[in-house]
Amino acid sequence: MIEVGFLLLLAMAIFAGFLILRSIKNFAINAVMGLIMLFLANAVFGLGIGYGWLTILICGIGGVLGAVLVIILHLMGFGF
């Protein structure tokens with residue numbers, strides 16, 4: 001009975017690790033896409049938005065929409 005419980009625990013740990021790695025991958029893809037859009041907006045329009053930890057976090061969570069939010073907030077005069 002202990003072996004079955006151990007195998008069940010091992011399967012749950014592997015599944016949890018898979019879910020964590022998948023979410024990290026999605027966060028990284030969102031962050032890269034958002035930062036590329038932010039970089040292009042800075043290069044084309046000369047906005048002067050810095051790449052701080054808060055900007056990267058917003059772009060990572062929101063992706064392209066997060067980058068648009070950062071640009072709009074910058075144009076309205078709020079930080080960044």
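Just so you know, all these numbers are worked out from the coordinates, no wet-lab data involved. Remember, predicted model here, so these are calculated numbers, not experimental data. Methodologically, a virtual Cβ is constructed for each residue, glycine included, from the backbone with ideal geometry; neighbour enumeration extends over all protein chains shown.
General observations
- Euclidean distance between Cα centres, the range 34-53 to the range 3-32, Å: 33 Å
- Angle in degrees between helix 53-62 and the longest Cα principal axis of the chain, rounded to the nearest 10: 70 degrees
- Comparing I29, I20, I56 in a Gaussian network model of the chain where C-alpha atoms under 10 Å apart are linked, the largest mean-square fluctuation is found at I20.
- Angle in degrees between helix 64-76 and the longest Cα principal axis of the chain, rounded to the nearest 10: 30 degrees
- Full-extension gain in nm, F15 to I56, via 0.36 nm per residue minus C-alpha separation: 11.9 nm
- Reference-scaled alpha-carbon Rg (2.2 N^0.38 Å with N residues) for the chain: 1.66
- Of the residues G34, G62, G46, the one that moves most in a GNM of the chain with alpha-carbon contacts below 10 Å is G46.
- Per-residue ³J(HN,Hα) for the range 24-40, Karplus 6.51 cos²θ - 1.76 cosθ + 1.60, θ = phi - 60°, Hz, x for Gly and Pro: 5, 5, 5, 4, 5, 5, 4, 4, 5, 5, x, 5, 5, 5, 5, 4, 5
- Computed E for L47/V4 - FRET, C-beta separation, R0 35 angstrom, nearest 0.05: 0.05
- Spin-label pair L40/L65, simplified geometry with 7 Å Cα→Cβ offset, distance in nm: 1.9 nm
- In order along the range 13-23, the Karplus-derived 3J(HN,Hα) couplings, from 6.51 cos²θ - 1.76 cosθ + 1.60 at θ = phi - 60°, round to 5, 5, 5, 5, x, 4, 5, 5, 5, 5, 5 Hz, and Gly and Pro are given as x.
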